[in-house]
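Beneath this line is the structure, given in C-alpha cells, with notes to follow.
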Amino acid sequence: MQRFFTIGLGLMLVFGMVNFSQAHFGIILPEKSMVMQEDKPELEVTLAFLHPFEQKGMNLVKPRRFGVQSGKSNTDLLNTLQETQVLGKQGWKGVYTIKKPGIYAFYFDPQPYWEPAEEKFIIHQTKTYVAALGGEEDWDQEVGLKAEIIPLTRPFGLYAGNVFRGVAKFKGKPAGGADVEVEYWNPGNKVTAPNEYFIMQKLKTDENGVFTFAAPKAGWWGFSVINEEKDSIRGPDGKKKKAEYGAVLWVQFTDMQVSK
Ligand SMILES: [Cu+2]
C-alpha cells in the first residue's frame, strides 16, 4: 500500500506539473516603447511565441497578419518580416521607420497553433504600443482584433510599481469574468520564482472586462486575457475544435531615476 502511494505520489510529481498552467505567450517586443528625437527612426520589432518568465522558446510560424496602426492609418508590415531565432526557436523580426509623431500600435495575428495536450487551438493576438517623437494622442486606440486589450492606463512612460488598467474585448464586446494571465519577460532568467505559483500572476476581468495590475518590477510585462471559442477550427481529425483566443498586450515599466 505504502509503495503504491509512493509510486502514485511520484507520478503526481511528474504529471502534476500540468497543474501549473504552462502558459504559452505571444510576444511582440519593440527595441523601445518610446522613440525620442535623438533616437534612430528605424524601429526593430521582434515577434515570438514562448514562455516569458521561464525563457523557454517555442516556434512561431509566419503570422497571418503583422502591422502597425497609427491614428487612422494601418500599415501592413507582413512583407518586412525576416525569420530569426528567439530563445533558440523560430521567431520573426520586422522593421518600421517612424517618420512623424504619434502612437504606433504594433500587432500580429498568428496562425492557429494546435496544442494536442489540450485538444485546442491557441491564437494569441498580440500587441504593443510605441510612443514616438512627442506624440501622445490616441494611446487607447483599438486595432479591431478579434481578441484585444484596450489600455485604460497610458501604455508607455510607466514607472515600476504603477498600476496598469485595461479593458479586454472579445469579438467587439467586453470580456467579463475572463482569466487574465500576467508574465514578466525575464531575460537571462535573472529573476527566480520562489516556487511555481509565482511564475504566472493571475486575475480576472470584472463584468465590464476591466482588469488592474501593479507591476512590481521594471521591464516588460505581458497581459493575456483568455477567451475560448467552441467548435472554432477543424483539428487534425477533421472535427471542429475549440480555440483559445488570447488578447495579449505587452507594456514596459521603468525604474525611477534618482540623482545622487
Ligand atoms: Cu509553450
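Could you tell me what percent of the accessible area of the chain is made up of carbon and sulfur, with a 1.4 Å probe and every protein chain present? Write down the numbers at each step before the final one.
Working: 7330 of 13730 Å².
Reported share for carbon and sulfur atoms: 53 percent.
When ranked by the protection proxy of mean other Cβ atoms within 10 Å per residue, highest first, what sequence do the peptides 151-164, 222-235 form? Present the calculation step by step, with values, prior to reporting the outcome.
Working: 151-164: 16.7, 222-235: 18.6.
Answer by packing, highest mean first, reads 222-235, 151-164.
Throw me the Rg/Rh for the chain, computed over C-alpha atoms with Kirkwood Rh, two decimals.
0.99
Please work out the average accessible area per residue across the stretch 128-260, using the 1.4 Å probe convention, and give it in Å². It would help to have the intermediate numbers written out before the result.
Values: 6810 Å² over 133 residues.
Ligands and nucleic acids excluded, the figure is 51 Å² per residue.
Which loop-located trypsin sites (Lys or Arg not before Pro) does the stretch 89-191 contain, where loop means any DSSP state but H, G, I, E or B and the Cβ has at most 14 other Cβ atoms within 10 Å? Walk me through the intermediate numbers first.
Details: sites: K89, K93, K99, K120, K127, K146, R165, K169, K171, K190; in loops: K99, K146, K171, K190.
Qualifying residues, ordered by number: K99, K171, K190.
So what is the 222 nm mean residue ellipticity for the chain from helices alone, if each DSSP H run of at least 4 adds -39500 (n - 2.57) and you divide by all residues, rounding to the nearest 500 deg cm²/dmol?
Values: 1 runs with 14 residues, N = 260.
Calculated mean residue ellipticity at 222 nm is -1500 deg cm²/dmol.
Pull out the extension gain between A117 and Q257, defined as 0.36 nm times the separation in residues minus the alpha carbon to alpha carbon distance; nm, one decimal.
45.9 nm
Arrange the peptides 71-83, 106-118 so that the one whose residues have, on average, the most other Cβ atoms within 10 Å appears first.
Values: 71-83: 12.2, 106-118: 17.7.
Per-residue mean Cβ counts within 10 Å order the peptides as 106-118, 71-83.
Relative to the longest principal axis of the C-alpha atoms of the chain, give the angle of the C-alpha long axis of helix 2-15, reported between 0 and 90° and rounded to the nearest 10°.
20 degrees
How do the peptides 48-54, 64-70 rank, highest first, by the average count of neighbouring beta carbon atoms within 10 Å per residue?
48-54, 64-70
The values are calculated or read from the model by the stated rules, or taken from the named source; none is laboratory data. Quantities reported herein were computed from a predicted structural model and do not represent experimental measurements. With ideal geometry, Cβ positions are generated from the backbone for all residues, glycine too; neighbour counts draw on all protein chains shown. Note: accessible area is taken over every heavy atom of the protein model, side chains too, but ligands, DNA and RNA are not part of it. Shrake-Rupley method; radii C 1.70, N 1.55, O 1.52, S 1.80 Å.
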